[in-house]
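Read the figures in this text as sums done on the coordinates, not as results from a lab. As the structure is a computational prediction, the values presented were derived from the model and not from experiment. Cβ: placed from backbone, ideal geometry, glycine included. Neighbour counts: every protein chain shown.
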Amino acid sequence: MISLEVPKKFQPLISQAHQVATEVFRSSSRKYDQAEHTYPKELDMLAAVMDGMADSGALGGAGAGAVGSGSPNGGGGASGDGNRNGSNMASLLGLIELCWGDVGLLLTMPRQGLGQAAIAAVANEEQLKRFGGKWAAMAITEPEAGSDSAAIRTTARYDEDTGEYVLNGEKIFVTSGDRAELIVVWASLDRSQGRAAIKSFVVERDNPGLKLDRLEHKLGIRASDTANFVLEDCRVPKENLLGSPEIAPKGGFAGVMQTFDNTRPLVAGMAIGVARACLERTRELLGEAGVEIDYHKPPHAQSAAASEYIAMESDWEAAHLLALQAAWMADNRKPNSLQASMAKAKAGRVGTDIALRCVALCGSVGYGEGELLEKWARDVKILDIFEGTQQIQLLIIARQLLGKTSAELR
Ligand SMILES: Cc1cc2nc3c(=O)[nH]c(=O)nc-3n(C[C@H](O)[C@H](O)[C@H](O)COP(=O)(O)OP(=O)(O)OC[C@H]3O[C@@H](n4cnc5c(N)ncnc54)[C@H](O)[C@@H]3O)c2cc1C
């Protein structure tokens with residue numbers, strides 16, 4: 001049975017993450033929101049400190065900033081061998097605190113990144129040694145393939161003479177694409193064979209065939225770089241293909257997709273962190289304006305602002321509990337695909353909703369740049385989009401509840 005209390009052993013991790021969020025992230029929040037595409041140098045020193053803390057075990061395994069860390073235990077899920085000592089829960093709790101500080105800065109922390117989750121899920125021992133611990137971005141999305149990742153058009157042709165794969169195509173919206181050391185690129189070995197032929201390839205960022213096309217200007221998370229690339233005869237050694245090169249119906253694609261089931265509770269945690277920041281600041285501002293919130297009175301017996309605030313808190317709590325459940329299941333090796341999507345769908349929607357309602361409740365103060373509320377409302381929306389949009393999560397949930405395949409319900 002799941003316990004709804006956060007175990008005491010995670011308290012030091014939560015406190016440390018909260019301290020980082022307060023002292024490093026919050027103090028740089030506005031600066032890097034305004035200076036889009038400027039690298040937040042403060043994070044280099046912080047990353048070194050956090051690496052040291054993770055090595056010493058002070059961060060409880062996966063590390064407070066692990067958005068899919070180098071360790072196979074870090075971003076793994078119900079099917080993995082890892083997840084000892086509650087590493088998914090540790091990641092979730094750390095991320096909630098750090099994103100209470102700033103989600104854009106969290107997303108651009110060195111050596112984090114979704115690419116490492118894929119590497120950890122399917123790499124062999126030799127690849128883990130070569131790529132583990134490096135900053136790795138993930139490039140799936142293309143101009144013609146977003147939600148439907150099986151529709152990607154980037155190709156990988158094997159060159160027998162050189163023992164290399166030659167990649168050609170276009171990748172867009174790659175988080176940390178410019179700053180990462182490695183990019184995990186999804187490409188098809190044979191487009192006529194559908195999703196089974198889709199493999200992931202590790203491409204060094206300085207590979208001359210990987211050409212940066214542009215950096216996106218975005219609504220939110222402006223501290224995080226989002227890169228678009230063209231791959232032009234981009235050659236990678238055959239040893240950089242992750243998993244098996246065989247095209248088998250139940251091959252690597254399913255394995256990599258499973259990675260997402262297990263990173264979705266973490267994205268939910270990010271939304272939960274941002275939403276908590278909104279709620280806390282709104283409560284302070286309402287208090288300064290003389291609005292009292294009384295939990296002993298029913299909503300109709302309080303001011304409209306107070307009753308709206310209480311309703312937002314209960315939505316937040318539901319999202320929080322769903323994310324804790326999904327992470328707890330992953331740590332206890334229980335299939336959590338359904339719960340991971342439920343957590344992401346709920347937290348993505350509630351996070352966006354709470355942030356906007358907090359802006360509204362605080363009126364002109366909430367909308368102005370004197371407060372971070374307007375920034376959080378812009379930042380949080382991405383958490384309802386990437387790693388599967390709101391609509392795609394609902395589709396996954398419906399398929400699971402109705403026992404339908406992706407071909408039957410699309
Ligand atoms: C800031 C940012 C960072 C990103 N980072 C990365 C990254 O690091 N790596 C990466 O590979 N990608 C990344 N992405 C891409 C992101 O994952 C995609 O934007 C997302 O998957 C949606 O794809 P799309 O934008 O092509 O929208 P589409 O798939 O075209 O969808 C458009 C709309 O239609 C809806 N829709 C689509 N299909 C269905 C359906 N079957 N039923 C109901 N509704 C549907 C969607 O929910 C959405 O609302 C990033 C995007 C952004 C904005």
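Taking only Cα atoms, what is the 0 to 90° angle, nearest 10, from helix 337-361's long axis to the longest principal axis of the chain?
Approximately 50 degrees, to the nearest 10.
Under the rule a/c < 1.5 gives rounded, and otherwise a/b versus b/c splits prolate from oblate, where does segment 362-410 land using the Cα gyration tensor? Could you put the intermediate results ahead of the total?
Numbers: a/c = 6.21, a/b = 4.07, b/c = 1.53.
It is prolate, given that a/c is not under 1.5 and a/b is the larger ratio.
So for the chain, Kirkwood radius off the Cα pairs, Stokes-Einstein at 25 °C and 0.890 mPa s: how many µm² s⁻¹?
Answer from the Stokes-Einstein relation: 113 µm²/s.
Rounded to the nearest Å, what's the spacing between the alpha carbon centres of segment 84-112 and segment 339-363? Just the number, please.
18
Before rounding to the nearest 500, sum -39500 (n - 2.57) across all DSSP H runs of length at least 4 in the chain and divide by the residue total; then give [θ] at 222 nm in deg cm²/dmol.
Here the helix-only value at 222 nm equals -14500 deg cm²/dmol.
Of the listed pairs Lys238/Lys334; Lys8/Lys129; Lys9/Lys199; Lys129/Lys375; Lys41/Lys171; Lys346/Lys404, which have alpha-carbon separations greater than 30 Å here?
Details: Lys238/Lys334 35 Å; Lys8/Lys129 34 Å; Lys9/Lys199 39 Å; Lys129/Lys375 39 Å; Lys41/Lys171 27 Å; Lys346/Lys404 21 Å.
Table pairs above 30 Å Cα-Cα are Lys238/Lys334; Lys8/Lys129; Lys9/Lys199; Lys129/Lys375.
Quick one: net charge around Gly287, please, counting Lys, Arg +1 and Asp, Glu -1 for every other residue with C-beta under 12 Å from its C-beta.
Working: positive: Arg281, Arg283; negative: Glu280, Glu284, Glu288, Glu292.
Net local charge, Gly287 excluded: -2.
Measure of size requested: the Rg and Dmax of segment 269-377, with Cα atoms as the atom set and Å as the unit; please supply both.
Taking only Cα atoms of segment 269-377, I get Rg and Dmax of 15.5, 48 Å.
Given R₀ = 35 Å, what would the calculated FRET efficiency be for Ala48 paired with Asn332, taking r from the Cβ atoms and rounding to 0.05?
Details: r = 33 Å, r/R0 = 0.94.
Computed FRET efficiency for Ala48 and Asn332 comes out at 0.60.
Once label points are set 7 Å from the Cα along Cα→Cβ at both Ser15 and Asp148, what is their separation, rounded to one decimal in nm?
5.3
Shape of segment 200-346 from its Cα gyration tensor (a ≥ b ≥ c, root eigenvalues): rounded if a/c is under 1.5, otherwise prolate when a/b > b/c, or oblate? Numbers along the way, then the final one.
Numbers: a/c = 4.71, a/b = 1.92, b/c = 2.45.
The shape class here is oblate.
Would you kindly calculate the translational diffusion coefficient of segment 96-205, applying Stokes-Einstein with the Kirkwood radius from alpha carbon pairs, for 25 °C and a viscosity of 0.890 mPa s, and quote it in µm² s⁻¹ without decimals?
For these conditions, the coefficient is 165 µm²/s.
Can you tell me the 0 to 90 degree angle between the C-alpha axis of helix 87-101 and the longest principal axis of the chain, rounded to 10?
It is inclined by approximately 60 degrees.
Expressed as a rounded percentage, what relative contact order does the chain have, with Cα pairs under 8 Å and six or more residues apart?
In percent, rounded to a whole number, it is 17.
Label point 7 Å out from Gln390 along Cα-to-Cβ: which residues of segment 362-381 have amide N under 19 Å?
374-381
Evaluate the distance, in nm, between pseudo-label points positioned 7 Å from the Cα of Met257 and of Ala398 along their respective Cα→Cβ axes.
It works out to 1.7 nm between the two label points.
Placing +1 at every Lys and Arg Cβ and -1 at every Asp and Glu Cβ, with all other atoms neutral, what dipole size does the chain have around its Cα centre, in debye to the nearest 20?
So the dipole magnitude of the chain works out to roughly 740 debye.
Starting from the Cα-Cα distance between Glu5 and Glu408, subtract it from 0.36 nm times their residue separation and give me the gain in nm to one decimal.
The span from Glu5 to Glu408 would gain 141.1 nm if fully extended.
Taking 0.36 nm per residue of separation and subtracting the Cα-Cα distance, what length does fully extending Val230 through Ala360 add? Walk me through the numbers on the way to the answer.
Values: separation 130, 0.36 × 130 = 46.80 nm, distance 4.12 nm.
Value of the extension gain: 42.7 nm.
Output wanted: per-residue J couplings in Hz (rounded whole) for segment 180-187, from phi through Karplus 6.51 cos²θ - 1.76 cosθ + 1.60, θ = phi - 60°, x for Gly and Pro.
Karplus-based 3J(HN,Hα) across segment 180-187 equals 5, 8, 10, 10, 8, 9, 8, 8 Hz.
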